[in-house]
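This report concerns only the one structure given below.
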Amino acid sequence: MSKLNILIAASEVVPFAKSGGLADVVGALPKALKDLGHDVRVVMPRYYGIDIETYGLKLLEGELGVPMGSMGEVWSAVYEGVIPNSDVPIYFIEHHGFFGRKGLYDEDGQGYGDNDNRFIFLSKAVMQLAKKLHFKPDVIHANDWHTAPIPILLNSTYANDPDFKNTGTLLSIHNLQHQGKFHKGAMDVLGVGWEHFNMHELEEFGGVNLLKGGIVHADAINAVSKKYAQEIRTSEFGWGLEWTINNHAHKLYGILNGVDYEEWSPAIDPFISKTYDTGKLAGKQVCKKELQEAFNLPIRKDVPLIGLVGRLAEQKGITLLAAAIWNLMEMDIQIVLLGTGEKWAEHFFADVATKYPEKFGCYIGYKNDLAHQIEAGSDMFLMPSLFEPCGLNQIYSLRYGTVPIVRATGGLDDTIENYDKESNSGTGFKFYDATPEALTGTVKWAVDIWNSEKNEFVKIRRRAMKQRFDWAEAAQGYEDVYRHIVAGRLSSTHQ
Ligand code: ADP
Ligand code: GLC
């Protein structure tokens, strides 16, 4: 099969900048696509937290001119590097005014007021960079609202550009809640012409919705699990875009994310105090002990330790957890939580830790090594999400033998099989209703099995640890969609 030229654009990529799973995905997928033999390149902003020396970045010769509509032409420098442990080139769009800041999207809880200009700039820079590099992509793969302008630009500003004659687009939706909604003035910066400002393309309630425009104009869209691809067609999960998505359902896919097992495996994890694997679980006990120590909890083998890692955002079910916490604290369990996000939640959970120092440990902040240590040292992992496009932590948990307790939504439902003693199956515990009672009841169920049916718990853990969600498989899914896009483009140009 012929090699494809693939350009992937995203606002965050591991290890350079990360706020969530999007960065994990864009850090890993390109490597898997490269392994399939494709020419893959990645583009992201050069936030000032990305150190040029650390990553050995090289300045590309010549500046990049980016036409920014009413703002005129904006000049950018471009750095080039590689994604670590690979030879996938990654390009960093440098602009002091737009990206020379502390945060990716916000600072001290306040979203930047010019996020429309910042990410329209990134999207346009991707197009201009492809031209500068003489790289003719078969597919540009955009991710979330930040790079959703790319499909719109390709169908308008660049529609007759010979450099993009054979280029198609895929837009991955990692989270439909965030759509890039701005004042209609953003149309002037996007510069694609006001004829695109209508309810079938970019307009929504008098403003601009970048993700909506991307969904309409992309050749294909991917929601990051099969279940989520179904859910976003309903009013419960569509965040107002269900109508648009249903109109474009013929081009909607649900390729599940993979996991980078070089990064997330207890057998080789450099962040945990003792490695372990199926069949030799002694190391997991050591990790549990160290985790209890790290959170100043009583060192007890005989108490189930439940871990939580994630953004403290409503999506993650923090309101459910907050409502359930006092009942959970009645039980003989320990909980450790690592997260950052909404201020009320940060204060609330820190307060629970003060009230229950023997049961609840809490670290408010972002700490990668601690995330690994929680995966390794916990007995169970809790994800009570209200919605979850894919979710990565529960998949990491499977590999670490940390049995997931999840709400059956989106990728959580697709990746975790509910425990069933009768059929001797299941890799975790699931609940369906988004209620504190369902959450508490399911934690109690898991804890009961842990306490009184040890053999059953061991079997669940063994099945969990055997699961694999390799990127190689997901990348093959993407390749199929890319080829479909290319074939579609070719047939439409020959009509
Ligand atoms: P989302 O992308 O919605 O945040 P995912 O489960 O897909 O959720 O991915 C979250 C990623 O971010 C995981 O790799 C997780 O370990 C990491 N993460 C989230 N919060 C923190 C934190 N406070 N400290 C360290 N890592 C975190
Ligand atoms: C989003 C979703 C999460 C998903 C991640 C990567 O941030 O909230 O469920 O795993 O993107 O696709």
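Where a number appears in this text, it was derived from the coordinates with a stated rule and is not lab data. What you see is a predicted model, and the numbers here were worked out from it, not measured in a lab. Here the Cβ positions follow ideal geometry from the backbone for every residue, glycine too, while neighbour counts run over all protein chains shown.
Would you work out the relative contact order for the chain, in percent, from Cα pairs under 8 angstrom that are 6 or more residues apart?
12 percent
Considering all projection directions equally, how large on average is the shadow of the alpha-carbon convex hull of the stretch 335-427, in square nanometres?
Projected area, direction-averaged: 6.8 nm².
Whole-Hz Karplus ³J(HN,Hα) for the stretch 102-114, in order, using 6.51 cos²θ - 1.76 cosθ + 1.60 and θ = phi - 60°, x for Gly and Pro?
6, x, 8, 10, 8, 9, 6, x, 9, x, 5, x, 10
How many times 2.2 N^0.38 Å is the alpha carbon radius of gyration of the chain?
Dividing the Cα Rg of the chain by 2.2 N^0.38 Å gives 0.99.
If you fit an axis through the alpha-carbon atoms of helix 343-355 and take the longest principal axis of the Cα set of the chain, what angle between them do you get, 0 to 90°, nearest 10?
Helix 343-355 and the main axis of the chain meet at about 10 degrees.
Bin all alpha-carbon pair distances of the stretch 73-207 at 5 Å intervals from 0 and give each bin's fraction as a whole percent.
P(r) for the stretch 73-207, in whole percents per bin: 2, 8, 17, 21, 23, 16, 8, 3, 1, 0.
Using the reciprocal of the averaged 1/r over all distinct C-alpha pairs, how large is the Kirkwood radius of the stretch 211-298 in Å?
16.5 Å
Using amide H atoms built 1.01 Å from N in the peptide plane, name the residues 5+ places from residue 8, or on other chains, whose amide H lies under 5 Å from its own.
Long-range HN contacts for residue 8: 41, 42, 43, 141.
If packing is taken as the average number of other Cβ atoms within 10 Å across a peptide's residues, how do 65-75, 337-347, 147-157 rank, most packed first?
147-157, 337-347, 65-75
How far is helix 471-493 tilted off the main Cα axis of the chain, in degrees rounded to 10, range 0 to 90?
Value to nearest ten degrees: 20.
Based on the Cβ-Cβ distance from residue 326 to residue 278, what FRET efficiency comes out when R0 is 56 Å, to the nearest 0.05?
Between residue 326 and residue 278 the formula returns 0.95.
So what is the relative contact order of the stretch 363-495, in percent, for Cα pairs below 8 Å that sit 6 or more residues apart?
It rounds to 19 percent for the stretch 363-495.
Which residues does the label zone of residue 462 cover in the stretch 261-292, counting backbone N under 11 Å from a point 7 Å along Cα→Cβ?
279, by backbone N distance to the label point.
What full-extension length gain, to one decimal in nm, is calculated for residue 63 and residue 110 as 0.36 nm per residue of separation minus the Cα-Cα distance?
13.8 nm
Modelled label-to-label distance, residue 195 and residue 2, 7 Å Cα→beta-carbon offset: nm?
Between residue 195 and residue 2, the label points sit 3.1 nm apart.
Would you please name the chymotrypsin sites (Phe, Trp or Tyr not before Pro) within the stretch 387-495 that are DSSP coil residues with at most 15 other C-beta atoms within 10 Å of their C-beta?
The qualifying sites are 432.
Scan around residue 106 for amide H atoms under 5 Å from its own, H built in the peptide plane at 1.01 Å from N, and keep only partners 5 or more places away or cross-chain.
Here 112 satisfy the definition.
Over the Cα atoms of the stretch 344-495, how large are the radius of gyration and the largest Cα-Cα distance (Dmax), in Å?
Rg then Dmax for the stretch 344-495, in Å: 19.5, 70.
Convex hull over the alpha-carbon atoms of the stretch 441-495: what's its volume per residue in Å³?
Cα convex hull per residue, to the nearest whole number: 105 Å³.
Starting from one equal scatterer on each C-alpha and no solvent at all, send me the Debye-based log10 I(q)/I(0) for the stretch 1-136 at q = 0.19 Å⁻¹, two decimals.
-1.15
Can you list the residues, at least 5 places off or on another chain, whose amide H is less than 5 Å from the amide H of residue 184, using H built in the peptide plane?
Sorted by chain and number, the residues that satisfy this are 208.
Would you mind estimating how fast the stretch 301-379 diffuses translationally, via Stokes-Einstein at 25 °C and 0.890 mPa s with the Kirkwood radius over Cα pairs, in µm²/s?
Translational D for this selection: 194 µm²/s.
Thinking of the stretch 159-249 as a set of Cα atoms, what percent of all their pairs are more than 23 Å apart?
27 percent
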